[in-house]
Amino acid sequence: MKNLTILGLQYGDEGKGKIIDLISIFYDQIIRNTGGHNAGHEILYNNIKKKIKVLPSGIFKKNCICLISDLVFFSINNFLNEIYLIKKILKSLIISRKSILNFKIDELIDYLIDLNLKIGTTKTGITSSSLKNLLKFSIKIEDFLKLNILIKIKKNFFFYNFFFLLYKIKIRINFKNFYFVNFFNFIKVKKNIVNSIFFINNYYKNIFENSQGVNLDLNFGTYPFVTCSNILSKSIFINSKFFYNNIKYVGIFKVYLTRVGNGFLITNICNFKNKIFSILNNERGTNTNRLRKIGWLDLNQLLNCVKINNISNLIITKLDSLIYIKKFKVLINYKIITNKKNIYNNNYYFPNFFIFSSWKSVNNKYIKNDINFHLFIRFVEKFLFTPINIISIGKKKFDIIIL
């Protein structure tokens, strides 16, 4: 298939970065089409762990173009810091002129909003930038080439001052400093700014890279504990102006569930086991460094994600993480509760689990793995009616099994 998108089918952190980095050698272009620097990927490059947030996961490939698309919330400060830290030249990286700028002060507004809403966001300014975009006065990269940039900045200042007044915070922003600092930052990336439509709709082989997972989609996800972007497969055509139909949707998920923030997990593991499991498998948020909440795999939820996103093939990761335990659970359905007392506690149902025996080791050759390993993989395939083509069994790039 000429074009491919890899969708996280859970709450993010499924291992998209590693897989995209691996297969990007077969593609001409990696397109980051959602989110901002609120998402993060960890990639091993020359056996050194690299953390990237706004950069596409194919940034370390020499002959691969990396495009930051239209509706990405783009922080120039974060972008320049990221480039400096990974020591990567900007030659293969291009930025859509329609990308929405995210400023440092938006992070403060995000913090103020989250004080009351208590969503548990990454406080990277994405909520503030998204709100300004809906109110139709957000600043896009191309605006620094236009004469009306000062008018837009004044509208932004009105927005900021409204929150400062609401929270009784005495802060004065210098208009000239704000403009010149951001203008000089714009000059640093000006040569990388393009009209993205000429790069997306051509004869390149494209990989579309989404941030987070579909359960954090603004409309489909576990509202209100969601992100500000649309993550579903259909959003690719809106976020990036892609108009070809020959695109393949591949879903990726972990053998267990994780999420960061204040959102709930129906299959949540008790606190003590959660901490032990998180430490053993280094389950920390790439962006916030918070320990992730751990839950057992929810196949019922996963099946809905596969259907809604038209997933044709699956990638499963973290199979090596279960060698530490003897047995693990998989949720297969929910049992509705009719007891009226529980309704007032929002406990309408409780999960039914299927218990699997774990395996003691993993091997790059599929046939050499334990029988329990095979039984689990085949059970998941039959339940989801979708084939699993790649199995990740470690942190390194080539710790995978291809079926």
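Points worth noting:
- Of all residues making up the stretch 64-101, the number that are of a type outside the set (A, V, I, L, M) and in a strand (DSSP E or B): 4
- Restricted to the stretch 194-280, the set of helices (runs of 4 or more DSSP H) holding at least 2 residues that are open to solvent by less than 50 Å² (accessible area, probe 1.4 Å), modelled with pLDDT of 80 or more and not hydroxyl-bearing (S, T, Y) comprises 235-240.
- Identity of the residue in the stretch 1-44, in contact with a strand residue (DSSP E or B) (Cβ under 7 Å, 6 or more places away or on another chain), surrounded by fewer than 21 Cβ atoms within 10 Å (Cβ to Cβ) and of a type in the set (D, E, K, R), that ends up farthest from L218 (Cα to Cα): D28
- The number of residues in the stretch 366-403 being among the polar types (S, T, N, Q) and within 18 Å of I20 (Cβ to Cβ) comes to 2.
- Lone qualifier among K61, K51 - being in a strand (DSSP E or B), surrounded by fewer than 22 Cβ atoms within 10 Å (Cβ to Cβ) and charged (D, E, K, R): K51
- Counting only helices (runs of 4 or more DSSP H) that sit completely within the stretch 297-403, zero hold 2 or more residues that are more than 26 Å from the chain's Cα centre (by Cα), closer than 18 Å to Q10 by Cα and modelled with pLDDT under 95.
- Note on the stretch 1-50: residues that are without any contact (Cβ under 8 Å) to a residue 60 or more places away in the chain and among the hydroxyl-bearing types (S, T, Y) total 1.
- Of all residues in the stretch 137-182, those that are among the hydroxyl-bearing types (S, T, Y) and under 24 Å from L218 (Cβ atoms) total 2.
- From L67, L101, L71, L80, residue being closer than 30 Å to N156 by Cα, over 18 Å from the mean Cα position of the chain (by Cα) and buried (at least 19 other Cβ atoms within 10 Å of the Cβ): L101
- Failed item, numbered, when D114 is tested on (1) surrounded by fewer than 21 Cβ atoms within 10 Å (Cβ to Cβ); (2) outside any helix (DSSP H, G or I): (2)
- Meets criteria (hydrophobic (A, V, I, L, M, F, W, C), out of contact with any helix residue (DSSP H, G or I) (no Cβ under 9 Å at 6 or more places or on another chain), more than 30 Å from T222 (Cα to Cα) and surrounded by fewer than 21 Cβ atoms within 10 Å (Cβ to Cβ)) for L134: no
The values are calculated or read from the model by the stated rules, or taken from the named source; none is laboratory data. Small disclaimer: the values here were computed from a predicted structure and weren't measured. FYI the Cβ positions are ideal-geometry reconstructions off the backbone, even for glycines, and counts take in every protein chain you see. Accessible surface is based on the protein model in full, side chains and every heavy atom, while ligands, DNA and RNA are left aside. Shrake-Rupley method; radii C 1.70, N 1.55, O 1.52, S 1.80 Å.
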